[in-house]
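Student: Here it is, the structure, as structure tokens.
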Amino acid sequence: ATPNGGTSELSTVDANTGVNSARLRADVAANGGGASFPDIKLANAGVGTVTNGQAVTVSFWTKTVEQTGAVPFFAQLFTEQAGGGASKTDFLIQPPTFLTTGNWQQHSFNVTLGADASAGVSLLFKADCGATANCVLDVFIDDVSITPTVP
């Protein structure tokens, strides 16, 4: 979790299931007018389990409780290679797609991993206001899974 001028945390405020969820809150005013772009990253999951070129389904739920304007939210899956770097990046959510405010919303993506998955996969979530005045995005993320795609 990296705050980057916002909030990036495990939260008990709201959850789709259970009692915990991840929370990202980008808020330029709360950061004194400075850039706010918090992120949370699940790093190097599935080492020794995921395979090169494997088909997987990435699924998660989001709930946006506050949003001022069209604030970019990013979800990216990286196929990680030994020694650093990614052999493939899948942009699951990025502009011009924006989250809907109010209710829990499920997102599901079928992707094929890159040619070198020796260091597993990483999943990044980021709320990005940059330094846009009065920008706010408060989003909860829950029930994240990366599973082999059933043919």
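Student: How much of the accessible area of the chain, probe 1.4 Å, is carbon plus sulfur, in whole percent?
Tutor: 52 percent
Student: Right, something else. If I stretch the segment between V65 and L42 completely, what's the gain in nm (0.36 nm per residue apart, minus their alpha carbon distance), one decimal?
Tutor: Going from the current span to full extension adds 6.0 nm.
Student: Could you grab the Rg to Rh ratio for the chain? Cα atoms only, Kirkwood for Rh.
Tutor: 0.99
Student: Leaving out ligands and nucleic acids, note down the accessible area per residue over the stretch 1-138 with a 1.4 angstrom probe, in whole Å².
Tutor: 46 Å²
Student: Connecting C-alpha atoms closer than 10 Å in a GNM of the chain, tell me which of V13, V139, V65 has the biggest fluctuation.
Tutor: Checking each option, the largest mean-square fluctuation is seen for V13.
Student: Direction-averaged shadow area of the convex hull around the Cα atoms of the stretch 1-53, nm²?
Tutor: It is 5.5 nm².
Student: Hey, what do the phi angles of the stretch 53-61 turn into as Karplus ³J(HN,Hα) couplings, whole Hz, using 6.51/-1.76/1.60 and θ = phi - 60°, x for Gly and Pro?
Tutor: Running phi through 6.51 cos²θ - 1.76 cosθ + 1.60 with θ = phi - 60° gives x, 5, 7, 9, 10, 9, 9, 6, 10 Hz.
Student: Also, quick follow-up: Most fluctuating residue of G84, G32, G130 in a GNM of the chain with Cα springs under 10 Å: which is it?
Tutor: With Cα springs under 10 Å in the chain, the top fluctuation among G84, G32, G130 is at G84.
Student: What net charge do the residues around D14 carry, taking every other residue with its C-beta under 9 Å from that of D14, with Lys and Arg at +1 and Asp and Glu at -1?
Tutor: Summing Lys and Arg as +1 and Asp and Glu as -1 gives +1.
Student: What net charge is computed for the residues neighbouring P3, neighbours being all others with C-beta under 10 Å from the C-beta of P3, Lys and Arg scored +1, Asp and Glu -1?
Tutor: -1
The values are calculated or read from the model by the stated rules, or taken from the named source; none is laboratory data. As the structure is a computational prediction, the values presented were derived from the model and not from experiment. A quick note on method: Cβ atoms are made from the backbone with ideal geometry, for glycine too, and the neighbour counts reach across all protein chains shown. Protein only, heavy atoms only, side chains kept; ligands, DNA and RNA dropped before computing areas. Shrake-Rupley method; radii C 1.70, N 1.55, O 1.52, S 1.80 Å.
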